[in-house]
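Data block below; observations after.
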Amino acid sequence: MFHLFSAANRLLAFAFFALCQSISFAQNQATVLPFKLVGNTIFVQAEVNGKSHRFILDTGSKEMILNSAYFEGNPMPWLNSSVADVNGKMKQSNFFQVRRLSLKGVLLKNILARVIDLAPIEKAKGGEVAGILGFDVFKKMKLTLDFDNQQVSIVEAAKKARGNPENCRKNIHAFSMNGHLPCLKIELEGKELHMGLDSGSEVNILHNGIAHENFKAERVLKIRSFSGHSKTSPIGKIAGMSLRQADLGEMEVALVDLQFFKDCLPGRLDGILGTPFLRQYMVTIDYRNKEVSLQKTRKPMPLAKNLGVNDFSKLAVPNMQILGYQRIGHVY
C-alpha cells in the first residue's frame with residue numbers, strides 16, 4: 001500500500017512540476033556567457049540548483065541530460081526510460097528534477113532532465129562534463145554563437161519585426177523544425193538536401209545513401225557510442241554546396257549511414273551541419289521565428305585534426321529515447 005501511495009504521489013508531483021516550468025530573461029539586455037571550445041565541442045558554465053558545473057551546449061539534443069556522476073536520478077516507471085546508442089544497444093536512464101537552471105541572466109525553473117552515465121565523454125574531453133543543454137532549454141531563446149570571441153549571447157525570442165530591408169536580411173535564412181532539430185535547405189549537385197544544425201556535432205555529416213561524385217575520402221572517422229561500441233566512416237572534402245545560391249566552399253564531411261535516425265524523425269534529414277560549419281560564422285538561431293543568421297567570421301576556420309569526440313544528435317521516438325553519436329567517436 002505504501003509503494004502504491006508513493007508512486008501516485010510521485011506521478012502527481014511530476015505533473016505539477018511539468019506544469020510549473022518557466023523561464024525569465026535579463027531585462028533590456030542580452031545575457032552573455034563565455035564558452036570554451038574543446039576540439040569542436042562547446043562548453044559553458046551553468047548553475048543547477050545553486051551549484052556551478054560545466055555543460056555541453058548542444059542544439060542537436062532534444063532534452064537536458066545530466067551526468068549520473070554528479071546528479072542522482074530517480075526512476076519514473078510511467079515515463080519512457082529506455083535509451084539506445086547508434087548501434088541499437090539499449091540502456092536505462094533515470095530522471096532528475098532541476099528546480100533552477102541559471103545561465104547568468106537567464107533563469108529556467110522546473111526542468112525534468114534525463115540522467116545517464118557520461119563518463120566516456122568526460123574521458124574523451126579530459127574534464128568535467130556535468131551534462132548537456134539541449135532544445136528544451138533553448139526553445140524560447142534567440143542564441144548568438146560568437147566564435148571569434150568565444151561567447152554566446154541569449155535574449156528572449158521576440159516576434160519578428162515587419163518591413164526589414166532586404167539588404168539587412170541577406171544573411172538570414174529560414175529553417176524548418178524537424179522534431180527538435182532546426183533544418184536548412186542546402187543545394188548540392190542540383191539536389192536539395194535537408195541539413196540539421198547541430199552545435200553538438202564535431203563533424204559535418206552526410207547520409208551515405210546520397211551519391212556524391214566529387215567526394216574524396218581522406219581518412220577514417222571512428223565513432224564510439226556511449227555504450228563503448230564503435231563504427232567507422234570515411235571523412236573527406238566535398239565542394240558545390242550552396243545556400244540560397246551562395247557557395248559554401250569546400251567542406252569537410254563524414255559519410256555516415258543515417259537511416260536509423262531518418263526513420264525516427266518526423267521529417268526528412270540528409271545530413272548535419274556541425275560545429276566545423278557553424279564556427280565559420282557568427283551564428284544566431286531564432287527558434288521562435290525559425291530563422292538563422294550566418295555572418296562570416298573574421299578568423300579562418302582551422303582544419304580538423306584528431307577530434308576528441310563526435311556527436312550526431314539526440315532524437316526522440318515514441319517507444320524509446322535514442323542518443324545518437326554521443327561525442328564519443330575519435331578521428332584517426
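The values are calculated or read from the model by the stated rules, or taken from the named source; none is laboratory data. What you are looking at is a predicted structure, and each value in this text was computed from that prediction instead of being measured. Reconstructed Cβ throughout: ideal geometry from the backbone, glycine too, with neighbour counts over all protein chains shown. Please note that ligands, DNA and RNA were not included when accessible areas were found on the heavy atoms of the full protein model with its side chains. Shrake-Rupley method; radii C 1.70, N 1.55, O 1.52, S 1.80 Å.
Things worth noting here:
- Among residues of segment 232-248 being farther than 23 Å from N171 by Cα and of a type in the set (S, T, N, Q), the one that is most open to solvent (accessible area, probe 1.4 Å) is T232.
- Annotation note: Cβ proximity below 7 Å between a residue of segment 133-149 that is within 19 Å of V48 (Cα to Cα) and a residue that is acidic (D, E) and crowded, with 17+ Cβ neighbours inside 10 Å (sequence gap 6+ or interchain) occurs for L133/D58; G134/D58; G134/E63; D136/E63.
Matching residues to (1) of a type in the set (D, E); (2) open to solvent by 20 Å² or more (accessible area, probe 1.4 Å); (3) without any contact (Cβ under 8 Å) to a residue 12 or more places away in the chain:
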residue: E250; (1), (2), (3): yes, yes, no
residue: F261; (1), (2), (3): no, no, no
residue: D270; (1), (2), (3): yes, no, no
residue: F277; (1), (2), (3): no, no, no
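- Residue tally, condition open to solvent by 10 Å² or more (accessible area, probe 1.4 Å) and either closer than 17 Å to V98 by Cα or within 15 Å of the chain's Cα centre (by Cα) (or both), over segment 36-71: 15
- Qualifying residues in segment 70-101 (those that are of a type in the set (A, V, I, L, M) and assigned to a loop (DSSP other than H, G, I, E, B)) - the one modelled with the lowest pLDDT: V86
- Residues in segment 44-69 that are in contact (Cβ under 8 Å) with a residue 24 or more places away in the chain and assigned to a strand (DSSP E or B): V44, A46, E47, V48, H53, R54, F55, I56, L57, I65, L66, N67.
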